[in-house]
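A.B. asks: Below is one structure. I have some questions about it.
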Amino acid sequence: MVTPSTWEIVSLLLDVAHITFIILLASAVLGLLLGAVLTMINVKNIPVLKQITVVISSFTRSVPIIIQLFIVYYALPPLLGNFGINVTSMSATVAAILALTLYHGGYLTEVLRAAYKAVEKGQHEAADSLGYTPTKKFFRIILPQSVPVALPGWGNALIHLIHDTSLVFALGVADIMGRAELIAASSFGMNQVQVFLIVAAIYIVVTFLSDGMVRLFEKKTQKFKLDSGLKAKRVA
């Protein structure tokens, strides 16, 4: 029995890295959009819908992500089938993206809601008195002041999402962790420590780059001191 070398293991893992990155990117983008929608429903106090957002947020933050993955992949298709919606052909990758999107979106709902609430009520009143439309008020007043507040929480949520992608192999997704399990099993666990140390190194690099991106965004937003949403003062 010949065990693969370190570089062979790295090559085998990188061959499927794109699957992990696709799941991560899709879940991050869709989760952010979902979180934004749920936050708007929450802060606008839309009847019934607000209660639904609270349930979604509470569920996703309370239930371990591995269970959420199993629910979406195994329980959701037969449940939707009772309503005439056929999703039995849903792949494990799609199920993973859907579960991680719900998880990430539910987590971000609280982060974005806190950032939105951080904008003083007087800012809203001042914009309304100046005749700003809701869209103009959001992009000119609310968003510039909310983003710096939300970035740290979003960064933490993104790192948690990166870590959680390592669990999608439980659904049979042939991602980095799935390939690592196969490599370790092929040598009957003789190189198991080596394989998972390499996997850990890959996740460290991805997490480091993501954290650096968030810190860069934070640095960019700190270039402006927003004394008021109606006036941005450049910091020397």
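A.B. asks: Among 93, 101, 3, 39, which is under 30 Å from residue 202 (Cβ atoms), surrounded by 21 or more Cβ atoms within 10 Å (Cβ to Cβ) and touching a residue at least 24 places away in the same chain (Cβ under 8 Å)?
C.D. replies: Answer to the check: 101.
A.B. asks: Looking only at helices (runs of 4 or more DSSP H) that fall completely inside the range 116-199, which ones have 2 or more residues that are within 28 Å of residue 28 (Cβ to Cβ) and of a type in the set (A, V, I, L, M, F, W, C)?
C.D. replies: Counting at least 2 such residues, we get 143-164, 176-186.
A.B. asks: Right, another one. Looking at the structure I just gave you, is residue 83 assigned to a loop (DSSP other than H, G, I, E, B) and open to solvent by 40 Å² or more (accessible area, probe 1.4 Å)?
C.D. replies: yes
A.B. asks: Taking the range 1-21 only, how many residues are acidic (Asp, Glu) and closer than 25 Å to residue 92 by Cβ?
C.D. replies: Residues meeting the conditions: 1.
A.B. asks: A follow-up question, please. What is the one condition in (1) farther than 24 Å from residue 145 by Cβ; (2) within 18 Å of the chain's Cα centre (by Cα); (3) surrounded by 15 or more Cβ atoms within 10 Å (Cβ to Cβ) that residue 57 does not satisfy?
C.D. replies: Unmet condition: (1).
The rows are residues; the columns are (1) open to solvent by less than 60 Å² (accessible area, probe 1.4 Å); (2) touching a residue at least 60 places away in the same chain (Cβ under 8 Å).
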| residue | (1), (2) |
| --- | --- |
| 106 | yes, yes |
| 123 | yes, yes |
| 128 | no, no |
| 139 | no, no |
| 162 | yes, yes |
| 176 | yes, yes |
| 180 | yes, yes |
| 184 | yes, no |
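The values are calculated or read from the model by the stated rules, or taken from the named source; none is laboratory data. Bear in mind that the values here come from a model prediction, so they are computed numbers and not experimental data. FYI the Cβ positions are ideal-geometry reconstructions off the backbone, even for glycines, and counts take in every protein chain you see. SASA here: full protein model, heavy atoms, side chains in, ligands and nucleic acids out. Shrake-Rupley method; radii C 1.70, N 1.55, O 1.52, S 1.80 Å.
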